[in-house]
Structure formats: C-alpha cells, structure tokens
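To start, the structure itself, in structure tokens.
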Amino acid sequence: MQIPFRRLTAEPQPFSLEKKGLMIEGTLRKYRSGLVLLEAVMQGSLDVDCYRCGESFAIMPDEKVAFLISDGPFHGQDETYDVVEMHEGVIDLDEIFDSEIALLESDYHACDKCK
Ligand SMILES: [Zn+2]
C-alpha cells in the first residue's frame, strides 16, 4: 500500500493492512513540513523460530509503533520519534511493515519447551 505525502493533512488518516497473519491498524498525519507521523498497532499471530531448538511456533504480538516518515532525506533529529526516510514522495506501508515484522521475527523467541 502506497500513500503519497501530498495527500496527507493534520487530520489523521486511518489505514489497515494484513501481513503474515498480523493485522496492522493505524493512522498517518502531517506532523510538520516534510514529516508524517505514523502510529499503529500490530496484532495477531506471527510464526517465529525458537532461538534454542529452531522449532517454528506462533507468537501473539500486540505492538504499538510510532515514528516519523520523512519525505526525502532527513537531516537533524526529532526529540520524540525515530525517523524513517521515504523517497519519491510516497509512503510505502508494505516496505515499512515488512521491516517492522522482520524486527519482531529477529528477536529472541523461546518456544514453550525451551522456556
Ligand atoms: Zn524451542
């Protein structure tokens, strides 16, 4: 799902997408010039590998994420949020959440047997 920066205003715009069994729901709104604030919750079930025995099992994440998305290269920093850069004037929600899910997957998860 791709959303052009120019379509976003200070009014929060809801979005939802589904990925790998996770339901992602959130909003996008203009934060300040060239920056959009994304707030979302990731819920559902996600298959991960146990870091000890390698067995695949499901976790039930309930993750809140909030960060800024920059229209082009971002210089400087924001005191509250991390900043993700996007290019060509569009916010690629698939790209953003593919990497958020990859982060969840790469955490150390132990299955019931190995806890
Ligand atoms: Zn295990």
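Values quoted throughout were computed directly from the atomic coordinates according to the rules given, and no laboratory measurement underlies them. None of these values were measured; they are calculated from a predicted model. Glycine also receives a Cβ, built like all others from the backbone with ideal geometry; neighbour counts cover every protein chain displayed.
A few points about this structure:
- Percent of C-alpha pairs per 5 Å bin, the chain, short to long: 2, 11, 21, 20, 16, 12, 8, 6, 4, 1, 0
- Helical runs (DSSP H, four residues minimum) scored at -39500 (n - 2.57) apiece and divided by the length of the chain put the mean residue ellipticity at 222 nm at -4000 deg cm²/dmol.
- Sequence-distant aspartates and glutamates (8 or more away, or on other chains) whose Cα lies within less than 12 Å of LYS64: GLU25, GLU39, GLU100
- Estimated inter-spin distance, TYR51 and LYS20, nm [label 7 Å along Cα→Cβ]: 1.6
- Crossing angle, helix 93-106 versus the chain [Cα axis fit, 0-90 degrees, rounded to tens]: 30
- Normalised by the number of residues in the chain, the mean separation of alpha-carbon contacts (under 8 Å, six or more apart) gives a relative contact order of 24 percent.
- The chain - charge dipole about Cα centre, Lys and Arg +1 at Cβ, Asp and Glu -1, debye rounded to 20: 240
- Working from label points 7 Å from Cα in the Cα-to-Cβ sense, the GLU105 to LYS30 distance is 3.6 nm.
- Dipole moment magnitude, nearest 20 debye, the stretch 69-115 about Cα centre, only Lys, Arg, Asp, Glu C-beta charged: 380
- Working note: Cα gyration tensor of the stretch 31-85, eigenvalues times five, square-rooted, sorted largest first, giving semi-axes of 33, 13, 9 Å.
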